[in-house]
Amino acid sequence: MKISVYSVILCAVFLFTSAALATPDYAMQTGYDCVKCHVDVIGGGKLTSTGEAFLDSMKAKGQYRQLSTTQHVVRLIVGYLHMVAAIVWFGTIMYVHILLKPAYASKGLPKGELRLGWLSMITLLVTGTLLTVARMPNLEAFTTTRFGILLTIKIALFLVMLSSALVVTIFIGPKMRQRLKSPVAACLSKEMTGEQLSAFDGKEGRPAYIAYKGMIYDISGSRLWKNGQHMMKHYAGTDLTDMLKNAPHGDDKVLAMPQVGMCVESDRKPERPLYERVFYFFAYMNLALVFIIIFVISLWRWW
């Protein structure tokens, strides 16, 4: 742990440099176009005589320090890791909440997605902190510059998402897992609703059951249903009565499986417990925040 802390501190010091005011913020304050200080009309690169004079004044005031080649490389690597982590994190959120739907995760947080999400969040936290230290000259810049204000908004949104992830992982996740560990004999000895059936999806050691013509069959021992999936098309925990009509084999394959109960219609939709409702709220809130953060970055870079 000591080595990790020292490494972060050393990297922060190594990256730190006072930001020059020759930025889009400066252009907005003065009314100058980028071409006033840069040879390239879109800014960056070689400076004009006006730009050189402005740069010299910043150096004289101690508000600018030229980065060495090594520092440029280190900052590039940190920025690259930051972008990759953001893509992985946002991609995981969209995959789980748009394609798989939150109901998939409500059966118990998938370990693979959970590890990937936390790895990307921690990477974002560390690299984002280093990049912020390297870019922002002082605390006042967070509220007095356009760059700083948008960065502050982005940081605040990230912290909200990080906090919700902590709540889900520490408090809500264990409750959802505990629900799946409850004895199943009571609900399977006679009848089972579709809601109860969906919990037995064959993932992470859970039994794999399917419904067919009103009966529940245990397919956990079938090598064709590894991890609760069959031919990448059918999933355990569902009613396959309609799908088997188009299957290349007869229903004898299903009827040969152990019969464990009967599937019945639920008279009313089961009321979700509070922790599950909070989980769904966080799930859709984080999805919305992803798009808001992307919008803030768009304003930051292209407005």
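Bear in mind these aren't lab numbers, they're just calculated from the coordinates by the rules spelled out. Please read these numbers as outputs of a predicted model, since none were measured by experiment. Cβ sites come from the backbone with ideal geometry, for glycine too, and all protein chains shown count toward neighbours.
Structure summary
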read-out: Reach of Lys253 by Cα under 19 Å, taken over aspartates and glutamates that are not fewer than 8 positions away in the same chain; value: Asp201, Asp218, Asp239, Asp242
read-out: Modelled FRET efficiency - R0 45 Å, Lys226 with Val296, Cβ distances, 0.05 increments; value: 0.60
read-out: Amide proton proximity set for Val39, modelled H, under 5 Å, gap of 5+; value: Lys46, Leu47, Thr48
read-out: Label-point separation, Lys213 to Ile155 (7 Å along Cα→Cβ), nm; value: 6.5 nm
read-out: Using θ = phi - 60° and Karplus 6.51 cos²θ - 1.76 cosθ + 1.60, couplings along region 232-237 (whole Hz; Gly, Pro as x); value: 6, 10, 10, 10, 5, x
read-out: Beta bridges per DSSP with both ends in region 185-264, % antiparallel, nearest 5; value: 70 percent
read-out: Backbone HN-Hα couplings from phi across region 275-289 [Karplus 6.51/-1.76/1.60, Hz, Gly and Pro as x]; value: 4, 6, 5, 5, 4, 4, 4, 5, 4, 6, 5, 5, 4, 5, 5
read-out: 19 Å Cα-Cα threshold exceeded, pairs from Lys111/Lys154; Lys203/Lys233; Lys111/Lys203; Lys36/Lys154; Lys203/Lys226; value: Lys111/Lys154; Lys36/Lys154
read-out: Distant-in-sequence amide H partners of Ile216 (H built 1.01 Å from N, under 5 Å); value: Val260, Gly261, Met262, Cys263
read-out: Karplus (6.51, -1.76, 1.60) ³J(HN,Hα), θ = phi - 60°, over region 220-227, in Hz, Gly and Pro reported as x; value: 4, x, 7, 6, 7, 10, 5, 6
read-out: Descending Cα extents along the principal axes, region 185-264, whole Å; value: 35, 27, 20
read-out: Label-to-label distance, nm, for residues given as Ile98 and His72 (7 Å Cα→Cβ offset); value: 3.6 nm
read-out: Linear extension gain, Ser163 paired with Asn246, 0.36 nm per residue minus alpha-carbon span; value: 25.2 nm
read-out: Full-stretch length increase - Tyr80, Ile170 - with 0.36 nm per residue and alpha-carbon distance subtracted; value: 29.4 nm
read-out: Interchain or long-range residues, amide H under 5 Å from Gly202's placed H; value: Ala208, Tyr209
